[in-house]
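Report on the following structure.
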Amino acid sequence: MSSKENVVIIGNLKMNGSLVFYDSYLKKLKESLSNLRQVTVGLCLPYPYLFLAERLLKQSKIKWGSQNVGKFSHGAHTGEVSSEMLKDFSSTYVIIGHSERNTAYCESEENIADKFKMVKEWGMTPVLCVGETLIEREAGIMESVVQSQIKAVVSKYGADIFSDSIVAYEPIWAIGTDTAASPEQTNHMCNFIRKTIKKDSSQQVSNVKIIYGGSVNQKNTVQLFGLESVDGGLIGRSSLSTDEFTSICNLADSLSN
Ligand code: 13P
């Protein structure tokens, strides 16, 4: 296991919490994560609570952002939220193409590519989720599935757009199941993603982080995030508990130099 630099841990709070919950949650995390040395921590919240994150986390090391974004800049798009609006609340991270959205709301690959571009234009960091279903893994086609998810962005905007962005390998079968991908599976796919992006890019592409998500908890943190190919994690259920999320961040921090 190698010593790591610049690990990033992002909580995906999904559609959970309330004003009362986030008031206490954000204050607790601000306190409990104040001594981290190297790890960067982000929280992707439901839109209505971004104002609270901006208010409570401004003086902390924790960054915040959203779980989705509209692909247009403004206009007649009922129910959508633009990148400019997210920027109004000093958002850093924007999750794009999460499988829960792709399945439930028929998110197209073209939409995902356009969202990625818009987020970059507004100076925020896209967290692009990619990953295969169990059927696809059992059929042995996980590489081609993930490759096509990345290509959807590359073919429209070029691979260099991945500079200063994050790709989260989230196998769909590992999300919400208590069965995380094994270190071998994670290592293989994270390396594959990195190679796929590099292959199409010019020398200019830099600072692409590849993180892992799916049933991460404090027991598997070191095993998964200690892998050389893995730059951190996208944490669902385990981010809802301040104690567990703090443990995960501290363990990730202990992997750094
Ligand atoms: P769980 O950590 O709850 O499996 O969710 C992972 C996820 O979907 C993060 O985006």
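Read-outs throughout are calculated quantities, based only on the coordinates presented, and are distinct from any laboratory measurement. These numbers come from a predicted model, not from an experiment. Backbone-built Cβ (ideal geometry, glycine too); neighbour counts: all protein chains shown.
Take residue 100 and decide whether it is within 25 Å of residue 225 (Cβ to Cβ), out of contact with any His (no Cβ under 9 Å at 6 or more places or on another chain) and not hydrophobic (A, V, I, L, M, F, W, C). When the stated conditions are applied, residue 100 passes them. Considering segment 23-45, the residues that are in contact with a Lys or Arg (Cβ under 8 Å, 6 or more places away or on another chain) and within 16 Å of residue 89 (Cα to Cα) include one that is surrounded by the most Cβ atoms within 10 Å (Cβ to Cβ), namely 43. Counting only helices (runs of 4 or more DSSP H) that sit wholly inside segment 88-149, those with at least 2 residues that are of a type outside the set (S, T, N, Q) and buried (at least 19 other Cβ atoms within 10 Å of the Cβ) are 109-121. A search for C-beta distances below 8 Å between a residue of segment 187-211 that is assigned to a loop (DSSP other than H, G, I, E, B) and any residue that is surrounded by 21 or more Cβ atoms within 10 Å (Cβ to Cβ) and aliphatic (A, V, I, L, M), counting only pairs 6+ apart in sequence or on different chains, returns 201/159; 202/159; 205/159; 205/197. Looking at segment 39-60, can you tell me whether even one residue there is part of a loop (DSSP other than H, G, I, E, B) and in contact (Cβ under 8 Å) with a residue 40 or more places away in the chain? Scanning segment 39-60 turns up at least one residue that is part of a loop (DSSP other than H, G, I, E, B) and in contact (Cβ under 8 Å) with a residue 40 or more places away in the chain. Please indicate, with yes or no, whether at least one residue in segment 108-128 is closer than 22 Å to residue 233 by Cβ, within 16 Å of the ligand (Cβ to nearest atom) and free of Cβ contacts under 8 Å to residues at least 40 places away in the same chain. Within segment 108-128 (the criterion being closer than 22 Å to residue 233 by Cβ, within 16 Å of the ligand (Cβ to nearest atom) and free of Cβ contacts under 8 Å to residues at least 40 places away in the same chain), the answer is no, since none of the residues qualifies.
Of the residues making up segment 221-257, those that are assigned to a loop (DSSP other than H, G, I, E, B), surrounded by fewer than 20 Cβ atoms within 10 Å (Cβ to Cβ) and either within 11 Å of the ligand (Cβ to nearest atom) or of a type in the set (Asp, Glu) (or both) are 228, 240.
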